[in-house]
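Peer 1: The following block contains the structure, expressed as structure tokens.
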Amino acid sequence: MSATTVQTRTEPATATLKLHSSAEGKEETEYRYSHLLPFFSQDHYPPLTPFEHIDPGHRALNHSNPRSFLDSATQITELTPNLGTEVFGVDLRALDSDGRDQLALEVARRGLLVFRDQQEFIDAGPDFYREWGSHFGRLHIHPTSGHPQNYPEIHLVYKDANSSFNFEIDDSITSTVWHSDVSYELQPPGLTTFFLLSQPSTGGDTLFTSQVSTLKKLSPQFVAFLKTLKAVHSGVEQANFSRSGKRGGIVRREPVENVHPLIRKHPVTGEEALYVNRQFTRRILGLKREESETLLKFLYDHIDKGGDVQARVHWTPNTVVLWDNRVTAHSAIVDYGDSKQRRHGARITPQAERPVPALEDLDLSF
């Protein structure tokens, strides 16, 4: 395929990507997923309101065989002992309500599921994406990212030779930034679905880490102390990055800061997980500045260096990945920039409960 030229056009109400002529004056063949290119509306949304989240994984606990949704699988491989399962032969689009409940439970238990050969799912379109995600929780609308036109619930990542709408920091020696998606929300995401519509010929993998396993590496005495702590997660820096003219230049909902426990408990499995991340966690309340910075640096370094509890997803065409943001963190790997090739992904992001502290009755006020 010849190189694609993508430009950003700003109009009174919207900005969107447009495909133009490629080399030698020949128009590029219509991009199959042009209807899912990033669109930047000028819409503004009020603050999110709290809601009661009922995790579908709870229902699966009562099933006689909560893994029966995998009965049609032709191959199931554990990516690592601690995190991740790769599945062939299961048609996600065909799962009924019970199957989706079971899927939610399995994602909670394994942290990460990678489903291959999912072209029908990917090609089902944005109405299906919304219906799919709504089974797992209230769909999150990202405050700054691009989305398919008329479908703000679908978060898009996009990078090609001329445009990037990812949150990248150009003055860093690495593109690896561990995070749990929009952890600054009062009710951050739970089960998340992500897939690529277009990908570079090599590179662009995604790293995941088990925050359950990173926690287990720490001494019991230290964990007991961490359970007493809470931290501020902030969306301000991300919003300011967009306001600077990057990431589409749009802020549709004013940024928020919320307080979450350093260690949270999964509402279905009961597992405890470390819940800090370099991208959005800003400070530990109740500690002096130097104490907070030192402790967070230790925890970030622990997450960064924990290769024995990490998994790497290599994207092949028609792959759909699901992970549980409550017990994992992840990072894109932006190693394909010199190729000038397009990476275009879509994320379906249901919100879950407000993080449940591992220490009962921990005060989560500022």
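Peer 1: With no solvent and one point on each alpha carbon, what is the Debye value of log10 I(q)/I(0) for the stretch 242-366 at q = 0.10 Å⁻¹?
Peer 2: -0.45
Peer 1: Here is a follow-up. To the nearest 10 square angstrom, how much accessible area does Ile141 have with a 1.4 angstrom probe?
Peer 2: Answer for Ile141: close to 30 Å² accessible.
Peer 1: Now for a different question. Over the stretch 120-263, what is the mean sequence separation of C-alpha contacts under 8 Å (at least six apart), divided by residue count, expressed as relative contact order in percent?
Peer 2: 28
Peer 1: Could you sort Phe39, Phe298 by accessible area so the largest value comes first, with the probe set to 1.4 Å?
Peer 2: Phe298, Phe39
Peer 1: Quick one: accessible surface of Ser244, probe radius 1.4 Å, all protein chains present, in square angstrom to the nearest 10.
Peer 2: Answer for Ser244: close to 80 Å² accessible.
Peer 1: Here is a follow-up. How long are the three semi-axes of the equivalent ellipsoid of the stretch 45-100, in whole Å, if each is the root of 5 times an eigenvalue of the C-alpha gyration tensor, listed from largest down?
Peer 2: Value: 28, 16, 13 Å, ordered largest first.
Peer 1: Sticking with this structure for a sec: Kirkwood Rh, the stretch 114-162, all Cα pairs: how many Å?
Peer 2: Every distinct Cα pair counted, the radius reaches 12.4 Å.
Peer 1: Please report the accessible area of Glu291 (heavy atoms, 1.4 Å probe, ligands and nucleic acids excluded) in Å², nearest 10.
Peer 2: About 90 Å², ignoring ligands and nucleic acids.
Peer 1: Per residue and in Å³, how big is the convex hull formed by the alpha-carbon atoms of the stretch 158-235?
Peer 2: Dividing the Cα hull volume of the stretch 158-235 by its residue count gives 173 Å³.
Peer 1: Of Pro255, Pro350, Pro38, which has the largest mean-square fluctuation in a 10 Å C-alpha GNM of the chain?
Peer 2: Result for the chain, Cα springs under 10 Å: Pro255 fluctuates most.
Peer 1: Mind putting a number on the dipole of the chain about its Cα centre? Charges go on the C-beta only, +1 for Lys and Arg and -1 for Asp and Glu, and I need it in Debye to the nearest 20.
Peer 2: 640
Peer 1: Quick one: order His58, His53, His344 from most to least accessible surface, probe 1.4 Å.
Peer 2: Result of the area sort, largest leading: His58, His53, His344.
Peer 1: I've got another one for you. Out of the total accessible area of the chain (probe 1.4 Å, heavy atoms of protein only), what percent is carbon and sulfur?
Peer 2: Exposed carbon and sulfur together represent 49 percent of the surface.
Peer 1: Over 21 Å between Cα atoms: which of Lys265/Lys305; Lys305/Lys340; Lys246/Lys340 fall into that group?
Peer 2: Long pairs (Cα-Cα over 21 Å): Lys265/Lys305; Lys305/Lys340.
Peer 1: From the backbone phi of the stretch 47-57, what are the Karplus-calculated ³J(HN,Hα) couplings (6.51 cos²θ - 1.76 cosθ + 1.60, θ = phi - 60°) in whole Hz, Gly and Pro given as x?
Peer 2: My calculation for the stretch 47-57 gives x, 5, 9, x, 8, 8, 9, 10, 6, x, x Hz in order.
Peer 1: For the chain, what does the equivalent ellipsoid look like in terms of its semi-axes, each the square root of 5 times an eigenvalue of the Cα gyration tensor, given largest first in whole Å?
Peer 2: After diagonalising the Cα gyration tensor, the semi-axes are 32, 25, 20 Å.
Peer 1: Determine the relative contact order of the chain: mean sequence separation of Cα pairs under 8 Å and six or more apart, normalised by residue count, in whole percent.
Peer 2: 27
Peer 1: Through the Karplus equation 6.51 cos²θ - 1.76 cosθ + 1.60, θ set to phi - 60°, convert the phi angles of the stretch 270-277 into ³J(HN,Hα) values in whole Hz; use x for Gly and Pro.
Peer 2: The phi angles translate into x, 5, 9, 9, 5, 9, 9, 8 Hz.
Peer 1: Given the -39500 (n - 2.57) contribution per DSSP H run of 4+ residues, what per-residue ellipticity at 222 nm results for the chain, rounded to the nearest 500 deg cm²/dmol?
Peer 2: -5500 deg cm²/dmol
Peer 1: So what's Rg/Rh here for the stretch 255-296, counting alpha carbon atoms and using the Kirkwood radius for Rh?
Peer 2: 1.02
Peer 1: Let me ask another. Let's test this: bin the Cα-Cα distances of the stretch 162-294 at 10 Å from zero up to the farthest pair and state each bin's percent.
Peer 2: 10, 34, 36, 17, 3, 0
Peer 1: How large is log10 of I(q)/I(0) for the stretch 53-179 at q = 0.11, 0.12, 0.18 Å⁻¹ when the intensity is taken from the Debye formula with one equal scatterer per alpha-carbon?
Peer 2: One equal scatterer on each Cα of the stretch 53-179 leads to -0.51, -0.61, -1.18.
Peer 1: Now for a different question. State, in angstrom, two size descriptors of the stretch 108-220 derived from its alpha carbons: Rg to one decimal place and Dmax to the nearest whole number.
Peer 2: Rg then Dmax for the stretch 108-220, in Å: 16.1, 49.
Peer 1: Normalised by the residues of the stretch 24-128, what does the relative contact order come to in percent, with Cα pairs under 8 Å and at least six apart?
Peer 2: 26
The values are calculated or read from the model by the stated rules, or taken from the named source; none is laboratory data. Because the structure is predicted, anything quoted here is derived from the model rather than measured. Positions of Cβ are backbone-derived with ideal geometry, glycine not excepted, and every protein chain shown enters the neighbour counts. Please note that ligands, DNA and RNA were not included when accessible areas were found on the heavy atoms of the full protein model with its side chains. Shrake-Rupley method; radii C 1.70, N 1.55, O 1.52, S 1.80 Å.
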